[in-house]
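A.B. asks: Attaching a single structure in structure tokens format; questions to follow.
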Amino acid sequence: MKKSIATDKYNLDIDVKYMDYAPSLDAFVAGQADAAVMTNMEALDMPASAGVDTSAVIMGDYSNGNDAILTRNKLGLPQLKGKKVYLVEKTVSQYLLSRALEKEKMKEAEVKIVNVSDSDIAPSFLASKDQEVVVTWNPMVMEIEKNRGITKVFDSSSIPGEIQDLCVVNTKVLNANPDFARALVGAWYEVMGIMNQQGPKNEAAIKKMADLSKASPAEFKSQIKTTAMYYTPQTAVAYTKSDELKKKEDQVRNFCFAHNLLGENAKSVDVVGIEYPDGTIQGDKNKVKMRYVSKYMEEAAAGKISLK
């Protein structure tokens, strides 16, 4: 990693590796990465359910339209009954579909889910007019929406706060060196400060991130518009310590249990304990494997993680 003010301050060399999403999750679960960025759902149903004690030290944002259900032939949600729905199974796409159907008083069993890889989902849908319903995320959503005859019938702005992007750290690594989290948090808000301003630095950062995500700067800016960013530690802390977060996470953990994502032998939704900043726990208090940690964001909010 190029040295940042935060890594200099804590005298750390952090080796940052850019990876595709699924391999990055696998690396974290396998202990080959000490920290990673992932959704709250994946943090729960992958490392935490696999027994890897996982601490979310940064509440980065939530999807506010980045994930969507798209249809052909003017199909609306009520018309999805009996239809094939193409998505990456057991991801937030399936969660989004489940929540959309729930709002229509429908069940997943009333549609036919077809599993597609994330690399194939957009080209496959665009190439086959027989595919009428797809659920995916940006930038694939934008790619599909460019085509005529496509209708967006539901997106994540209808379930705010439920699909979160977190920076998580292996709890054993965190406990051994809390300054690792401080460096990550400090570096994160260095970048957030750049993103939340106008000028050459902002444009350079946008271009770099756009290049990494294989999108144009304009497309990347569009994605930011459908992402509810917590640009400051104060706003991130407020949500991380809210009762609203507990309600959202309870929704997610129940979905994971119902879909056997907490382990094939999981006998209840409480098999994985989730701890919040106030010490309350959802699930088995003796098996806490996912933790929302506000401490380091609070230090940043109080100016204790100095960027000078």
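The values are calculated or read from the model by the stated rules, or taken from the named source; none is laboratory data. From a predicted model like this one, the values you see are computed outputs, not experimental measurements. Neighbour counts are summed over all protein chains in view; Cβ atoms, including those assigned to glycine, are modelled from backbone coordinates with ideal geometry. To get the accessible areas, we keep the full protein, side chains included, count just its heavy atoms, and leave off ligands, DNA and RNA. Shrake-Rupley method; radii C 1.70, N 1.55, O 1.52, S 1.80 Å.
A.B. asks: Which residue, of Asn170, Asn175, is of a type outside the set (A, V, I, L, M), surrounded by fewer than 22 Cβ atoms within 10 Å (Cβ to Cβ), in contact with a Pro (Cβ under 9 Å, 6 or more places away or on another chain) and modelled with pLDDT of 95 or more?
C.D. replies: After ruling out the rest, the residue left standing is Asn170.
A.B. asks: Looking at the stretch 247-260, which of its residues are open to solvent by less than 40 Å² (accessible area, probe 1.4 Å) and either touching a Cys at 6+ places or on another chain (Cβ under 9 Å) or charged (D, E, K, R) (or both)?
C.D. replies: The answer is Lys248, Glu249, Arg253.
A.B. asks: Kindly check whether there is at least one residue in the stretch 271-289 that is open to solvent by 30 Å² or more (accessible area, probe 1.4 Å) and at pLDDT below 95.
C.D. replies: no
A.B. asks: Give the residues of the stretch 83-110 that are more than 20 Å from Val141 (Cβ to Cβ) and touching an Asp or Glu at 6+ places or on another chain (Cβ under 7 Å), sorted by residue number.
C.D. replies: Across the stretch 83-110, there are no qualifying residues.
A.B. asks: Glu145: surrounded by 13 or more Cβ atoms within 10 Å (Cβ to Cβ), charged (D, E, K, R) and farther than 30 Å from Leu245 by Cα, yes or no?
C.D. replies: For Glu145, the condition - surrounded by 13 or more Cβ atoms within 10 Å (Cβ to Cβ), charged (D, E, K, R) and farther than 30 Å from Leu245 by Cα - is met.
A.B. asks: If a residue counts only when it is among the basic types (Lys, Arg) and farther than 21 Å from Ser156 by Cα, which helices (runs of 4 or more DSSP H) contained entirely in the stretch 191-282 have at least 3 such residues?
C.D. replies: Those helices (runs of 4 or more DSSP H) span 200-212.
A.B. asks: Going by what's in this entry, would Ser268 be described as of a type outside the set (Val, Ile, Thr), open to solvent by 20 Å² or more (accessible area, probe 1.4 Å) and at pLDDT 95 or above?
C.D. replies: Yes, satisfied.
A.B. asks: So, one more: Would you mind telling me which numbered condition in (1) surrounded by fewer than 16 Cβ atoms within 10 Å (Cβ to Cβ); (2) at pLDDT 95 or above; (3) polar (S, T, N, Q); (4) closer than 26 Å to Tyr62 by Cα Ser124 fails?
C.D. replies: With respect to (1) surrounded by fewer than 16 Cβ atoms within 10 Å (Cβ to Cβ); (2) at pLDDT 95 or above; (3) polar (S, T, N, Q); (4) closer than 26 Å to Tyr62 by Cα, Ser124 is out only on (4).
A.B. asks: Looking at this structure, is Lys214 crowded, with 16+ Cβ neighbours inside 10 Å and within 29 Å of Glu89 (Cα to Cα)?
C.D. replies: When the stated conditions are applied, Lys214 does not pass them.
So that you can scan it fast, the table gives a plain yes or no per residue for (1) in contact (Cβ under 8 Å) with a residue 40 or more places away in the chain; (2) over 15 Å from the mean Cα position of the chain (by Cα); (3) under 16 Å from Thr280 (Cα atoms):
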residue	(1), (2), (3)
Tyr230	yes, no, no
Gln234	yes, yes, no
Thr240	yes, no, yes
Lys246	no, yes, yes
Phe255	yes, yes, no
Asn260	no, yes, no
Gly263	yes, yes, no
Ala266	yes, yes, no
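A.B. asks: Additional query: Of all residues in the stretch 148-167, count the ones that are polar (S, T, N, Q) and surrounded by fewer than 17 Cβ atoms within 10 Å (Cβ to Cβ).
C.D. replies: Of the residues in the stretch 148-167, 3 are polar (S, T, N, Q) and surrounded by fewer than 17 Cβ atoms within 10 Å (Cβ to Cβ).
A.B. asks: Just to be sure before I move on: is Asp53 touching a residue at least 60 places away in the same chain (Cβ under 8 Å), open to solvent by 10 Å² or more (accessible area, probe 1.4 Å) and either closer than 18 Å to Gln164 by Cβ or of a type in the set (Val, Ile, Thr) (or both) in the structure I sent?
C.D. replies: no
A.B. asks: Still on this model: Working only within the stretch 54-104, note down all residues that are within 14 Å of the chain's Cα centre (by Cα) and β-branched (Val, Ile, Thr).
C.D. replies: Val57, Ile58, Thr91, Val92 - these are the residues of the stretch 54-104 that are within 14 Å of the chain's Cα centre (by Cα) and β-branched (Val, Ile, Thr).
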